[in-house]
Amino acid sequence: MSLFPSLPETPHLADVYKAFPECVKPLLEYHDLLLRGESPLTVAERELIAAFVSGLNACNFCLGAHKNYTRAFGIEEAVVDGLINDIETADADEKLKPIFRYVAKLKDLPTRLTSADAKAVYDAGWSERALFDAIQVAALFNYMNRIIEGTGVDFDFVANPLTEEEIADRRTRTYSDFGKMIGID
């Protein structure tokens with residue numbers, strides 16, 4: 001039995017959103033602003049942070065979904081896996097590594113963040129806005145990971161891979177488009 005008897009045995013996020021639509025539209029609009037709006041971080045970098053945080057949280061649904069987005073925006077899945085396994089040895093842009101260290105610490109030990117953690121990000125050439133956007137993405141995906149796990153969403157992107165056409169569609173589709181697709185607008 002699923003965690004929510006009103007949901008299918010193996011629910012998708014769409015099932016949760018349709019069952020509890022009250023706050024979905026502003027949440028999807030926030031996703032669009034944060035992940036697709038103006039930022040010193042590229043869309044690919046923000047999606048990479050989303051996948052990374054989801055991987056650290058062992059949220060397979062969000063990890064799989066955002067690996068697809070990173071692919072759509074030109075980052076290979078191996079980069080995501082490498083960052084999750086070990087930021088220091090990952091085949092990722094060195095300039096991004098202080099951001100990943102920061103959001104990893106934010107996930108596990110937020111009260112232990114120091115000015116040195118922020119300084120490492122600034123020393124790598126990032127602005128305060130870039131760091132704030134990274135923090136927002138990390139916070140959003142800690143939140144979303146809890147929604148997914150707390151409602152029992154159980155869709156496996158490994159067992160149900162997207163086609164290359166579906167992945168390419170991710171480059172132009174907004175999060176609000178997903179809401180419209182499932183009847184929330």
Test: residue 88 is in contact with a helix residue (DSSP H, G or I) (Cβ under 7 Å, 6 or more places away or on another chain), among the charged types (D, E, K, R) and modelled with pLDDT of 95 or more: no
Count - residues of the range 65-122 that are closer than 22 Å to residue 159 by Cα, surrounded by 13 or more Cβ atoms within 10 Å (Cβ to Cβ) and among the acidic types (Asp, Glu): 2
The range 35-54 - residue that is farther than 23 Å from residue 109 by Cα and of a type in the set (A, V, I, L, M) and, of those, surrounded by the most Cβ atoms within 10 Å (Cβ to Cβ): 35
Enumeration of residues in the range 152-183 that are of a type in the set (Ser, Thr, Tyr), closer than 20 Å to residue 18 by Cα and either without any contact (Cβ under 8 Å) to a residue 40 or more places away in the chain or in a loop (DSSP other than H, G, I, E, B) (or both): 174
In the range 1-34, residue surrounded by the most Cβ atoms within 10 Å (Cβ to Cβ) [restricted to those that are assigned to a loop (DSSP other than H, G, I, E, B) and of a type in the set (Ser, Thr, Tyr)]: 2
Long-range neighbours under 9 Å by Cβ, at least six apart or interchain, first residue at negative phi within the range 118-134, second basic (Lys, Arg) and at pLDDT 95 or above: 120/97; 120/101; 121/101; 124/95; 124/97; 126/95; 133/46; 134/46
Tally, over the range 135-166, of residues that are crowded, with 18+ Cβ neighbours inside 10 Å and in contact with a Phe, Trp or Tyr (Cβ under 7 Å, 6 or more places away or on another chain): 3
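The values are calculated or read from the model by the stated rules, or taken from the named source; none is laboratory data. Treat the numbers as computed from the prediction; the structure is a model and nothing was measured. Cβ: placed from backbone, ideal geometry, glycine included. Neighbour counts: every protein chain shown.
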